[in-house]
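Below is one structure, written out as structure tokens, with a few remarks after it.
The values are calculated or read from the model by the stated rules, or taken from the named source; none is laboratory data. Since this is a predicted model, take the numbers as computed values, not measurements. Ideal geometry is used to build each Cβ from the backbone, glycine not excepted, and the neighbour counts take in all protein chains shown.
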Amino acid sequence: MHIPSLKEVVSEQEWQLRCDLAAAYRLVAAYGWSDLVFTHISARIPGPEHHFLINPYGLMFDEITASSLVRVDQDCNKLSDSPFPVNPAGFVIHSAIHAVREDAGCVLHTHSRAGVAVSAQKCGVLPISQQSTFVLGSLGYHAYEGVALRDEEKPRLQADLGTANYLMLRNHGLLTVGKTIAEAFLNMYIFENTCRIQLDAQAGGELVHVNPKILEGIAGVMKTATAGQGANLAWPALLRKAERLDPGYKT
């Protein structure tokens, strides 16, 4: 499938965003979090227009390239010439969050097996791992209302996320928000592993919970541990991984 390069067509800033987003799609596939073509990662293009990049509907995540990503507006109308369709229904959740979270440069949503499994547990995320403490410091829950197609669900979704960066969509999956693509991806890596660890631990016997006092100070601990640069530290290495998998994502 030949897709003409947009490198000389879009701004340097947008091209870098496209490369990072394409890498995120490839990495989601590599880590086994994708659901064929049925979830999305959206990234806001800097500027007053409130335009976004989203995956062309119908491509597998490991097929997505920087040039195949589609530029859309807040209602998921295509704003650039593309042979690919987009999925307005799939953008409902993303548009709801982007509309009220100016800090949401990227919204990443998955239907992973572990994420859906924990989302179906009444207890939700349990404080039983170091990873879970990071999630619990900024976690919201949204009740399942059926396939997210209706605009009337948006206010409840927005309220349930609030200022959190992690959202568990009950009976549905996981969602993370980040100022950058790197932040949203690292948040999902932590969220996904939290769920996998929980399922493994539950299969092994009685659980030991983290002391609640530790949870109270977790935000400060995270800033100290990574100097507030966790995503920036991990992302260059993740890009090298994407490069090893297939450097074609940058085309």
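For the stretch 232-248, taking the residues that are aliphatic (A, V, I, L, M) and touching a residue at least 40 places away in the same chain (Cβ under 8 Å), the one that is farthest from Y25 (Cα to Cα) is identified as A234. Can you find even one residue in the stretch 83-105 that is polar (S, T, N, Q), more than 19 Å from V177 (Cα to Cα), out of contact with any helix residue (DSSP H, G or I) (no Cβ under 8 Å at 6 or more places or on another chain) and free of Cβ contacts under 8 Å to residues at least 24 places away in the same chain? Within the stretch 83-105, none of the residues are polar (S, T, N, Q), more than 19 Å from V177 (Cα to Cα), out of contact with any helix residue (DSSP H, G or I) (no Cβ under 8 Å at 6 or more places or on another chain) and free of Cβ contacts under 8 Å to residues at least 24 places away in the same chain.
Inspection of the stretch 99-108 identifies at least one residue that is within 17 Å of the chain's Cα centre (by Cα), outside any helix (DSSP H, G or I), among the β-branched types (V, I, T) and modelled with pLDDT of 95 or more. Contact map, the stretch 44-61: residues that are more than 12 Å from H98 (Cα to Cα) paired with residues that are at pLDDT below 90 and loosely packed, with under 12 Cβ neighbours inside 10 Å, Cβ distance under 6 Å, separation 6+ or inter-chain. Pairs shown: Y57/P85.
Residues in the stretch 10-49 that are polar (S, T, N, Q) and in a helix (DSSP H, G or I): Q13, Q16. Restricting attention to the stretch 97-110, does a residue exist that is of a type outside the set (G, A, S) and over 30 Å from E63 (Cα atoms)? For the stretch 97-110, residues of a type outside the set (G, A, S) and over 30 Å from E63 (Cα atoms): present.
Consider the stretch 19-78 and keep the residues that are under 19 Å from S5 (Cβ atoms) and polar (S, T, N, Q). The one that is surrounded by the most Cβ atoms within 10 Å (Cβ to Cβ) is N55.
When every residue of the stretch 172-193 is checked against the conditions, none turns out to be under 30 Å from Y144 (Cα atoms) and modelled with pLDDT under 95.
For (1) over 24 Å from V208 (Cα atoms); (2) buried (at least 17 other Cβ atoms within 10 Å of the Cβ), each residue gets a yes or a no:
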residue	(1), (2)
A117	no, no
V125	no, yes
T133	no, yes
S138	no, yes
L149	yes, no
H172	yes, yes
A184	yes, yes
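Applying the condition of being over 16 Å from the mean Cα position of the chain (by Cα) and in a helix (DSSP H, G or I) to the stretch 63-98 and asking which residue is farthest from A143 (Cα to Cα) yields E63.
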